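Some notes on the structure that comes next.
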Amino acid sequence: MERELVIVLDFGGQYNQLIARRVRECNVYCEVKPYTISLDEIKKMNPKGIIFTGGPNSVYDDASPHYEKAIFEAGIPILGICYGSQLMAYTLGGEVKTAPVSEYGHTEVSVDTEDVLFEGVSEKTVCWMSHTDYIAQAPEGFKVTASTPVCPVAAMACPEKKFYATQFHPEVMHTKEGMQMLKNFVINICGCKGDWKMGSFVNETIAQLRQKIGNGKVLCALSGGVDSSVAAVMLSKAIGKQLTCVFVDHGLLRKNEGDEVEAVFGPNGAYELNFIRVNAQQRYYDKLKGVEDPEAKRKIIGEEFIRVFEEEAKKIGAVDYLVQGTIYPDVIESGLGQSAVIKSHHNVGGLPGVVDFKEIIEPLRMLFKDEVRKAGLELGIPEYLVFRQPFPGPGLGVRIVGEVTEEKVKIVQDADYIYREEIAKAGLDKGMGQYFAGLTNMRSVGVMGDFRTYDYAVALRAVNTSDFMTAEASEIPYEVLFKVTSRIINEVKGVNRVMYDLTSKPPGTIEFE
């Protein structure tokens, strides 16, 4: 597939996928590659530009990730971010030291608006800093293009060679004019046209799937969520009745969700799919009994998914491929390249080592959540399905802190149903990225009807996000929270306390586990 490409070279930063996401907002295709990729491989990909990510290391430490100096002689525009900026400076003869004063958080930065990277940016702009080292001396041939009172080289540039670097993170939403900076790099410096469109991606992917699968039989893991629904419809358009969709009701779904999924995709639904529903609730409860560790729960749920699919495949005959709705954030949080594992997703890091299929196909693996929604609309999927509330693969298993039991599942289902119902009644459901109720592992004393109780605490979560890599807590009116709290305590057995989670991502994740 011929298209303009920008490569994000990953040096261990947690924002690497977010950088790629921002580049794609400029309608330029972007992929993340580990810093271990060879320069020859990079040259074969013919990128229009390269972005070095941040990372937790110090460039002057020999054990830290580095890259061969020859990359700066390849004639490719390069933008270094945070650790990436320090790596550029260090490799090209500049000086990097431990900063006298570390910077973390919102910082006012003075920028040179004559520099092409800062074209259209305010002379003083708020950026997100996160560093303990800094560039003490820019390399020869570079000019300083931004600074703060404690960071003399907040940005630098060598326009002749198209090398640019920022100590701050332009990719995060906390950097107010960061998108303008990235657009300047991708369009003005790299010379990209910005002609990568979702419609082209969908059509090309369908054609590739049709060619790859041929006459093979395919089993699709259908949860009813946005990702797996888009993957299922994409496959149905590619291969039709060669596709069988298996919906596993693991007992960890939202209230009434199993029946809702069957109504949409089942025999009487809107799509011509071979649909099988497997009721495996007790099987999961038995496997999860006594398990409290989040990673262990994810891996158990992931392995049971595969085992169920293998069993269903044997029933319907030889199956060549398994299709899953894995998306890009799933991949990065399961540990891509040199990045830390945040959490294993059941359809990435949670998979067992051996599965009874020729291959696993993940048509959405390179897309972010909002891109998946765009793909869904391109496929003609109704908006009410495309913009359905996101739901993790392990389901309520990661919204229940600690051991999962049938009793706890019912508590979360009922509390979450009330929460979502009241959010919709208040007209807030269209304005928030994700909202749900979870169950903490905390029990506390309460008083109900003059009697002492010792019951669970429910935690409400609501965040605003466009990319699901960063998120801010939503400001829900007090009267709505009060009504939700009152209803949950009065209507859900086993709960005597309700709390609202104000944690952003980072430092938290959107889900509880």
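The values are calculated or read from the model by the stated rules, or taken from the named source; none is laboratory data. Source: prediction; values computed, not measured. Note that we place each Cβ from the backbone using ideal geometry, even for glycine, and neighbour counts take in every protein chain shown. In case anyone asks, the SASA skips ligands and DNA or RNA and just uses the protein heavy atoms, side chains included. Shrake-Rupley method; radii C 1.70, N 1.55, O 1.52, S 1.80 Å.
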Inset, instruction - Enter the accessible area per residue of the chain (Å², integer; probe 1.4 Å; all protein chains in place). - result: 42
Inset, instruction - Compute the FRET efficiency between residue 286 and residue 104 as 1/(1 + (r/R0)^6), taking r as their Cβ-Cβ distance and R0 = 56 Å, and round to the nearest 0.05. - result: 0.75
Legend entry - chymotrypsin sites (Phe, Trp or Tyr not before Pro), loop per DSSP, at most 15 other Cβ atoms within 10 Å - longest free stretch of the chain: 61-270
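Pulled fully out, how much extra length does the chain show between residue 210 and residue 466, if you take 0.36 nm times their separation in residues and subtract their Cα-Cα distance?
89.0 nm
With 18 Å as the limit, write out which pairs from 289/410; 212/358; 374/430; 217/299 have Cα-Cα distances beyond it, or answer none. Before the final figure, lay out the partial values.
Working: 289/410 16 Å; 212/358 12 Å; 374/430 16 Å; 217/299 27 Å.
Cα-Cα > 18 Å for 217/299; rest within.
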Inset, instruction - Compute the length gained on full extension between residue 410 and residue 500: take 0.36 nm times their separation in residues and subtract their Cα-Cα distance, giving the result in nm to one decimal. - result: 30.4 nm
Inset, instruction - Report the charge-dipole magnitude of region 1-48 in Debye, nearest 20, computed about the Cα centre from +1 at each Lys and Arg Cβ and -1 at each Asp and Glu Cβ. - result: 100
Inset, instruction - Binning at 5 Å from 0, report for region 387-512 what percent of all alpha-carbon pair distances ends up in each bin. - result: 2, 11, 22, 23, 21, 13, 5, 2, 1, 0
Legend entry - In degrees, nearest ten, helix 198-213 long axis to first principal axis of the chain (Cα): 70
Legend entry - Computed [θ] at 222 nm, helices only, for the chain once each DSSP H run of length n ≥ 4 contributes -39500 (n - 2.57): -9000 deg cm²/dmol
Inset, instruction - Specify the angular offset, from 0 to 90 degrees and rounded to the nearest 10, of the alpha carbon long axis of helix 478-491 from the longest principal axis of the alpha carbons in the chain. - result: 30
Legend entry - Accessible-area composition of region 167-315, carbon plus sulfur, in percent [1.4 Å probe]: 47
Inset, instruction - Using only alpha carbon pairs under 8 Å that are at least six residues apart, calculate the relative contact order of the chain and give it in whole percent. - result: 11
Legend entry - Along each principal axis, Cα extent of region 84-235, largest first, Å: 62, 32, 30
Legend entry - Net dipole in debye of the chain [+1 Lys, Arg Cβ; -1 Asp, Glu Cβ; about Cα centre; nearest 20]: 920
Inset, instruction - Go ahead and run the numbers for FRET between residue 421 and residue 200, Cβ-Cβ distance against an R0 of 30 Å, rounding to 0.05. - result: 0.15
Legend entry - Net lengthening on full extension, residue 276/residue 509 (0.36 nm per residue, minus Cα-Cα): 80.6 nm
